[in-house]
Amino acid sequence: QVQLVESGGGLVQSGGSLRLSCAASGSDISTIAMGWYRQAPGNERELVAVIRSDRITNYADSVKGRFTISRDSANNTVYLQMNSLKPEDTAVYYCQAVIWVLARQATFLYWGQGTQVTVSS
């Protein structure tokens, strides 16, 4: 069974930094792409950043230059370094992963449980 476990959320002042982590666990899996989405109250879930297995990245315009996504492929882990945080970054951040599962010979989309990031002004 594949699970995504997130950590690193919390409360920070405007201008501060946080680092989110998300580890995919399971037997005989390969992460094709991993990324972060966020959802603020009353808003739809939106893409923050994504990184492919070839390390190609894509960022939302609102976070470019402030957030950096990276991955540890050997440990199926993705990180999101968030700098110069703003109150409008406040949201629940969700990890997403596209994972190849050897036992099922198929690719599946998984979501983490979400971690709260709150930026105070």
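The values are calculated or read from the model by the stated rules, or taken from the named source; none is laboratory data. Owing to the predicted nature of the structure, the values given are computational and were not obtained by experimental measurement. Ideal geometry is used to build each Cβ from the backbone, glycine not excepted, and the neighbour counts take in all protein chains shown. Surface areas here come from the heavy atoms of the whole protein model, side chains and all, with no ligands, DNA or RNA. Shrake-Rupley method; radii C 1.70, N 1.55, O 1.52, S 1.80 Å.
Please list 3J(HN,Hα) in residue order for segment 61-75, calculated via the Karplus relation 6.51 cos²θ - 1.76 cosθ + 1.60 where θ = phi - 60°; whole Hz, with x for glycine and proline.
The phi angles translate into 4, 5, 10, 4, x, 10, 10, 9, 9, 8, 9, 10, 5, 4, 10 Hz.
Write down the percent of antiparallel bridges among all DSSP beta bridges whose residues are both part of the chain, to the nearest 5.
Counting DSSP beta bridges with both partners in the chain, the antiparallel share is about 90 percent.
Leaving out ligands and nucleic acids, note down the accessible area per residue over the chain with a 1.4 angstrom probe, in whole Å².
That works out to 52 Å² per residue.
Round to a whole number: what % of the accessible area of the chain belongs to carbon and sulfur, probe 1.4 Å?
Reported share for carbon and sulfur atoms: 47 percent.
Whole-Hz ³J(HN,Hα) for each residue in segment 14-28, computed from phi via Karplus 6.51 cos²θ - 1.76 cosθ + 1.60 with θ = phi - 60°, x for glycine and proline: what do you get?
Working through the residues one at a time gives 3, x, x, 10, 9, 10, 9, 10, 9, 10, 9, 10, x, 8, 6 Hz.
To the nearest Å, what is the center-to-center distance of segment 91-111 and segment 1-69, using C-alpha atoms only?
Distance between centres, Cα-based: 13 Å.
Per residue of segment 31-40, in order, report the coupling 6.51 cos²θ - 1.76 cosθ + 1.60 (Karplus, θ = phi - 60°) as ³J(HN,Hα) in whole Hz, putting x for Gly and Pro.
Each residue of segment 31-40 in turn: 8, 7, 8, 9, x, 10, 10, 9, 9, 8 Hz.
Of the chain, which part is the longest with no trypsin sites (Lys or Arg not before Pro) in a loop (DSSP not H, G, I, E, B) and with at most 12 other C-beta atoms within 10 angstrom?
65-121
Just to be sure I understand: with springs between alpha-carbon atoms less than 10 Å apart, which residue in VAL98, VAL78, VAL48 has the highest mean-square fluctuation in the Gaussian network model of the chain?
VAL98
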